[in-house]
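The structure appears right after this line, and notes come after that.
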Amino acid sequence: MDKGMFPVMIYKYIKENSDEDTWLTPEKIYKFLRIYTPDIQEESTWKTVSRNLEKLADQFEEIRIVYKDDCEYNKTEKFIFSEIKKIYYNQRFTTNDVRIISDAVIYSRHLNDKDRKDLLGKIAGLWPSHSNKWYSNALQDSSDQIKLETDLFHNLDYIDFAIREKSCINFDIMSYGFDKKLHPSESHEGFTPYKIYIADGIYYVVGLLDKQKKREDHFAKESGEREPVYPIRRFPIHRMKRISLDEEHKYVEIKNTVLKDMSLKDICEGEYNWADRLVIPWNAKGPLRRRPNANDVQFLVSKRGIDALADVFGKKLSIQQKRTVKKRLGSFERTDQRFEVTLKNASSSDWNKIVTLLMKYMEHDIALLSHHSTLNRFVVRLMSHNVQTIE
């Protein structure tokens, strides 16, 4: 073997087999190198290890060498091979980085088992301590939470390409059948994709269908309007099949749609009806049609309630002031601190979360100060879904 390959081999071995938790010794590197140098004298192999370790430690700051007195080698000092206690590669990713990335793969709703395991195997290589198939139990534990397999990531690549190239696409939309598999339900042509976003763990693409454009053009012509503002549709990307580029239809610029001047945040918080068309509030004006302040929901909460709301709604919350609430318990009167919290521009999906929180927490922690009529409508709606069967 060419001696010029030795530093490359040693570097690769250290990088792929060590981290801050799992480290190597000069003996391990020596044994590794002896596999490729059986015809070389042992003393020569030891010298090769020593010489290359010093060069690599000087050249790559990621390679860390710790002496027996637990002091780390500094290239400004003399290199002492006989005093080395451990050698490791300071990996670019931390254990927390690897855990976060791994969890995203483990709990992905759309990866199939093979892709999930392949990705986790690659991620494990980012931190060699994790290369012992540690994720097998996690996969088993999460199996009930994972949705059916889809073509999500293939579709994401295709749609992202179409957005970058400003191309229209054709596709089929699938629906789940009794066999829990996807089956074709409708086909669309001339779809102009604009943005991809995530809501409740589902990837959506928003854009304009050619048939909607033609409909709005017809209405604009009949009513004498100069420039129609096109509505949009959204589609769940994991249920799209047979995506292909459409060269017959013309790409429509986003400035001609209701998405004009909207940020991705505005789009994500938008309301959608049964046809997935962006709903425009009746009292909104202009191209950026925001919901009025009447959609702000107010709560009276404890510190525990603030934690619960913040975990769910994040920066959409604002805390106005403290309140002192007096409570009588038998012959005792207790004074507690409460906070007024406002949830800005609550959407329908937000209300689903609000109802869940109100069911989970006591009034002591989360109490509704506004929109009692909205909550009543939710209760009535839930009651209307209560079906009794006759045997």
Tell me the accessible surface of Arg377 in square angstrom (1.4 angstrom probe, heavy atoms of protein chains only), to the nearest ten.
140 Å²
Checking the a/c ratio against 1.5 first, then a/b against b/c, what shape does the Cα gyration tensor give for the stretch 150-244?
prolate
Amide H within-cut-off set for Lys195, under 5 Å, with H built and near neighbours excluded:
Val206
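Of the listed pairs Lys221/Lys241; Lys255/Lys316; Lys221/Lys260; Lys3/Lys47, which have alpha-carbon separations greater than 24 Å here?
Those over the limit are Lys221/Lys241; Lys255/Lys316.
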Please work out how much accessible surface Glu253 shows to a 1.4 Å probe, ignoring ligands, DNA and RNA, in Å² rounded to 10.
70 Å²
Of His154, His183, ordered by accessible area with the largest first and a 1.4 Å probe, the sequence is His154, His183
What distance in nm separates the two pseudo spin-label positions at Lys117 and Ala199, each 7 Å out from Cα along the beta-carbon direction?
3.6 nm
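The values are calculated or read from the model by the stated rules, or taken from the named source; none is laboratory data. Every value quoted in this text rests on a predicted model; they were computed, and no experiment measured them. Methodologically, a virtual Cβ is constructed for each residue, glycine included, from the backbone with ideal geometry; neighbour enumeration extends over all protein chains shown. Note: areas computed on protein heavy atoms with side chains; ligands, DNA, RNA excluded. Shrake-Rupley method; radii C 1.70, N 1.55, O 1.52, S 1.80 Å.
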